[in-house]
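Student: Sharing a structure below in structure tokens format, with a few things to ask.
The values are calculated or read from the model by the stated rules, or taken from the named source; none is laboratory data. The structure displayed is predicted, hence computed values, not measured ones. Cβ coordinates were reconstructed from backbone atoms using ideal geometry, including for glycine residues, and neighbour counts include every protein chain displayed.
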Protein chains: 2
Amino acid sequence: MPQKDDFDLQNFLPYLLNQAAEESSLAFQQVYKDRYGMLRTEWRVLFHLGLYGRLTAKDIGARSKMHKTKISRAVQRLEERRFLTRAPDDADRRQEHLELTGQGRAAYRDLHGVAESYDQTLSVKLSAEEERVLRGALRKLARMG
Amino acid sequence: MPQKDDFDLQNFLPYLLNQAAEESSLAFQQVYKDRYGMLRTEWRVLFHLGLYGRLTAKDIGARSKMHKTKISRAVQRLEERRFLTRAPDDADRRQEHLELTGQGRAAYRDLHGVAESYDQTLSVKLSAEEERVLRGALRKLARMG
DNA sequence: TGTTGTTAGTTACAAAATCAACCGTTAACA
DNA sequence: TGTTAACGGTTGATTTTGTAACTAACAACA
């Protein structure tokens, strides 16, 4: 027997957010998968290194909130495919500095361009005001424990 | 060498949406997992049946955009745990009508309440205007192929 | 120093998601 | 009707994720 009140799944923020996130990730996902055989974790690591330069896995974890095992495996695969290199830290030999190779930077630049234009095709569906508010609200929701 | 332009990961809608979705799902996930040992796919099926009553797996797929194997397995588990029952369709014996049991409805009512109040604690972080625009924008993003 | 605790990152194993192939049933239509 | 295609749903193999336990390195401090 269905409930009659107004609380629909479409009104439940976590659900709505998930639907929007999945739907809006699809086309971009296709690109990094087809062009570079990457997974979501991998393009995220690639983007972090492309945007911020030399980082350790720890740094990436702090910025992205990805779990360290995800990062570890993404780094492994990116290294195997020569998108990045590792360099041990002299002072603290537990850490490794990660850096994109030429190939990595090329992939990053390519995907960065795709992302940028894809983001625009998404925001076309929204008014300027809507877009502004949306981004602000998402930031608030994203960074609260 | 990091790029200098303004296209940050935090400005990329699919990324932002994912971050917000993950973060905002966490606490609720904990509830249905702890109380009923359910997975995300399972509470989704539960909610669909709770909200809309008797449905086939196909219906749920159309509404939720979950892949049919996910639904099939979620239904199996929910049936095993006596949250729902299946009834074959007389006219088309490929289909099965799914319906919550008493236990299923009880779980649904419980989680429905949790979801409703959780949704409110989330929207407290936003102004009324922000919330309105956010929901509208998310709906637009969620339902475009 | 030596012991204990913590940290960065990896690995092993279980749980879950994905993908393709599959089964039985219905639809299309020659 | 008979044949082929499509559909609803399930299953199995492979991939990916999640969880815990682990290794090696460092830190704190007796």
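Student: What number of residues within the range B:88-108 are surrounded by fewer than 12 Cβ atoms within 10 Å (Cβ to Cβ) and either in a strand (DSSP E or B) or not small (G, A, S) (or both)?
Tutor: The number of residues fulfilling the criteria is 6.
Student: List pairs: first in the range B:75-98 and polar (S, T, N, Q), second in a loop (DSSP other than H, G, I, E, B), Cβ under 8 Å, 6+ apart or cross-chain?
Tutor: From the range B:75-98, the pairs are B:T85/B:T101; B:Q95/B:D89.
Student: Quick check, is B:A21 part of a helix (DSSP H, G or I), touching a residue at least 24 places away in the same chain (Cβ under 8 Å) and out of contact with any Gly (no Cβ under 6 Å at 6 or more places or on another chain)?
Tutor: Criteria not met by B:A21.
One line per residue, one yes/no per condition, for (1) in contact with a strand residue (DSSP E or B) (Cβ under 7 Å, 6 or more places away or on another chain); (2) closer than 30 Å to A:L55 by Cβ:
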| position | (1), (2) |
| --- | --- |
| B:L13 | no, yes |
| B:Y32 | no, no |
| B:S64 | no, no |
| B:D89 | yes, no |
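Student: Take A:Q95 and decide whether it is among the polar types (S, T, N, Q), over 27 Å from A:D34 (Cβ atoms) and more than 13 Å from chain B (Cβ to nearest Cβ).
Tutor: Here the answer is yes, as A:Q95 does meet what is asked.
Student: Within the range B:1-18, restricting attention to residues that are more than 7 Å from chain A (Cβ to nearest Cβ) and not in a helix (DSSP H, G or I), which residue is modelled with the lowest pLDDT?
Tutor: For the range B:1-18, the residue satisfying everything is B:K4.
Student: Consider B:D119 carefully, then state whether it is more than 14 Å from DNA strand C (Cβ to nearest atom), within 10 Å of chain A (Cβ to nearest Cβ) and surrounded by 14 or more Cβ atoms within 10 Å (Cβ to Cβ).
Tutor: Values: more than 14 Å from DNA strand C (Cβ to nearest atom): yes; within 10 Å of chain A (Cβ to nearest Cβ): yes; surrounded by 14 or more Cβ atoms within 10 Å (Cβ to Cβ): yes.
So B:D119 passes the test.
Student: If you don't mind, there's one more thing I want to ask. Listed residues B:H97, B:H48; which is more than 15 Å from DNA strand C (Cβ to nearest atom) and modelled with pLDDT of 95 or more? Can you show your working first?
Tutor: Values: B:H97 fails: more than 15 Å from DNA strand C (Cβ to nearest atom).
None of the others qualify; the one that does is B:H48.
Student: I would also like to ask the following. Based on what the data block shows, is A:L141 surrounded by 14 or more Cβ atoms within 10 Å (Cβ to Cβ) and either more than 10 Å from chain B (Cβ to nearest Cβ) or within 20 Å of A:L51 (Cβ to Cβ) (or both)?
Tutor: It is false that A:L141 is surrounded by 14 or more Cβ atoms within 10 Å (Cβ to Cβ) and either more than 10 Å from chain B (Cβ to nearest Cβ) or within 20 Å of A:L51 (Cβ to Cβ) (or both).
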